[in-house]
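Novice: First the structure, which I've put down as structure tokens, then a few questions once you've had a look.
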Amino acid sequence: LITGYGLDDRVYIYPYAGGDFVSIFFVTGVGDFRGLDWHNDIAYALGDNPDDVHRYDVSTNTQLTVYDIPNPYDDPRGITLLSNSNVLIVDVAYNRLVEFNTAGTLIRSDALHTNNTHASGLSVDSSGNRYVTDASDALIYKYNSSNVFQNTISLNTENTNPQGIKIRQNIMHVLDNTPDPLTDRIYFYPLP
């Protein structure tokens with residue numbers, strides 16, 4: 001389980017069973033680090049200043065390539081790699097799910113639900129459904145593989161500021177950010 005967010009460009013790696021982190025991975029040069037996805041020892045780090053995706057080889061801790069996020073999308077928050085190797089981000093300024101390929105070509109852009117106004121994290125399940133956390137109402141918004149809204153999923157009453165989500169092995173891991181970094185938590189939910 002991997003999570004990271006903020007200005008320190010650090011990614012913390014946790015065991016699935018919970019407990020303290022087991023290692024730290026640094027994604028240097030990302031600028032306002034906003035999210036991460038990880039596949040086959042390749043990390044895809046989302047930056048907001050400038051708006052791009054940095055691809056890293058985790059085993060050597062080296063940057064491989066940088067993908068520019070297509071204009072006009074300039075406030076990315078969550079990222080996931082799709083099964084077709086395209087990149088999907090959630091852009092909060094335009095309130096959209098944006099898919100583009102590794103050449104930076106826009107594939108599609110779809111509006112989020114009108115109440116999903118503070119999108120902050122994004123993940124995809126094995127069927128291609130998309131899950132977007134929202135920091136304003138503490139809900140997860142579920143969209144199908146065509147980005148059509150399906151329903152919302154309620155969170156634990158203490159999970160009030162969800163900033164990230166990753167789905168692994170039919171479990172939703174939701175990162176909750178609090179004013180005191182020492183009380184940040186990862187909540188585990190079964191995939192509905």
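Novice: Under the Karplus relation 6.51 cos²θ - 1.76 cosθ + 1.60, θ = phi - 60°, what is the ordered set of whole-Hz ³J(HN,Hα) values for segment 91-108, x standing for Gly and Pro?
Specialist: Along segment 91-108, the couplings run 10, 7, 5, 9, 6, 9, 8, 10, 10, 9, 8, 6, 8, x, 7, 5, 9, 6 Hz.
Novice: At a 10 angstrom cut-off on C-beta neighbours, averaged per residue, how do the peptides 98-111, 71-84 rank from highest to lowest?
Specialist: 71-84, 98-111
Novice: I would also like to ask the following. Quick one: length gained pulling S146 to S85 fully straight, 0.36 nm per residue minus the C-alpha distance?
Specialist: Difference between extended and current length: 20.4 nm.
Novice: Using only Cα positions of segment 153-192, each an equal point scatterer, no hydration layer, compute I(q)/I(0) via Debye at q = 0.17, 0.25, 0.30 Å⁻¹ and quote the log10 values to two decimals.
Specialist: Values returned for q = 0.17, 0.25, 0.30 Å⁻¹ are -0.41, -0.81, -1.06.
Novice: If you don't mind, there's one more thing I want to ask. Taking only the C-alpha atoms, wrap a convex hull around segment 46-192 and report its volume per residue in Å³ as a whole number.
Specialist: Enclosed volume per residue, from the Cα hull, is 127 Å³.
Each value in this text was obtained by applying a stated rule to the coordinates, not by laboratory testing. The model shown is predicted, which means the values in this text are computed figures rather than measured ones. In this analysis, Cβ positions are derived from the backbone assuming ideal geometry, glycine residues included, and neighbour counts consider all displayed protein chains.
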